[in-house]
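The values are calculated or read from the model by the stated rules, or taken from the named source; none is laboratory data. Source: prediction; values computed, not measured. Note: ideal-geometry Cβ built from the backbone for every residue, glycine included; neighbour counts use all protein chains shown.
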Amino acid sequence: IAAFASDAERLADQKVDDPTAHRYMFDVFQPGTAGESPVIGEKEIEELAEKKTRMAIEAIKKAPGQDLEAARMTAWGLLNAVTYTVDHHLGNNQDSRLRLAWFGGNADIKKRAFQLALELL
C-alpha cells in the first residue's frame, strides 16, 4: 500500500497538457490507433476516437473530483477519468459494469491506464 500511495502522490504532482491527455486516452482505450502522432488534437479525436475514448476525454474535465487540485490536469486525474469511465459508463447494466470492472476487459483497461500513467512521470 505504501508503494501505491507514493505512486499516487507522484501522479498527482505530474501536470499534463491537453495533447498529452488526449494521447494517453487513445493509448489506454485504443492502443496503436493514433500511431506515432505526437499530438492528438480535435481533428484526430473527431476522425479516430471511439465512443469510449470520447467519454474518457470528456471525463478528464467533467468527472466527479476532476476540479480538485490533485486531479485537475494531472496524471492522477487522467487515471481517475479512466476509472470513472470504465466503472460507471462501460457495460450494459450495473451488474455487468461491476463484473467487467473487477474481472473482465475493463479491469485490464484500468491496469493499462495505471502503467501508462506511471510512464508520464
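Would you please name the residue that is modelled with the highest pLDDT, looking only at residues in the stretch 75-113 that are of a type in the set (F, W, Y) and in a helix (DSSP H, G or I)? Applying the filter and picking the extreme gives W76.
Residues are listed down the side, and each one gets a yes or a no for (1) under 14 Å from the mean Cα position of the chain (by Cα); (2) outside any loop (DSSP other than H, G, I, E, B); (3) surrounded by 14 or more Cβ atoms within 10 Å (Cβ to Cβ):
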| position | (1), (2), (3) |
| --- | --- |
| K61 | yes, yes, yes |
| P64 | yes, no, no |
| R72 | yes, no, yes |
| Q115 | yes, yes, no |
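Candidates V39, V82, V86: the one that is surrounded by 12 or more Cβ atoms within 10 Å (Cβ to Cβ), touching a Pro at 6+ places or on another chain (Cβ under 6 Å) and of a type in the set (A, V, I, L, M, F, W, C) is V39. Scanning the stretch 81-113 for residues that are closer than 18 Å to E9 by Cβ and in contact with a Ser or Thr (Cβ under 9 Å, 6 or more places away or on another chain) yields a count of 1.
Per the conditions (1) surrounded by fewer than 19 Cβ atoms within 10 Å (Cβ to Cβ); (2) under 20 Å from T33 (Cβ atoms), the sole criterion not satisfied by I57 is (1).
For P19, the conditions (1) farther than 20 Å from I109 by Cα; (2) surrounded by 17 or more Cβ atoms within 10 Å (Cβ to Cβ); (3) in contact with a Gly (Cβ under 8 Å, 6 or more places away or on another chain) all hold with the exception of (2).
Within the stretch 27-85, restricting attention to residues that are among the aromatic types (F, W, Y) and in contact (Cβ under 8 Å) with a residue 40 or more places away in the chain, the residue that is farthest from L121 (Cα to Cα) is F29.
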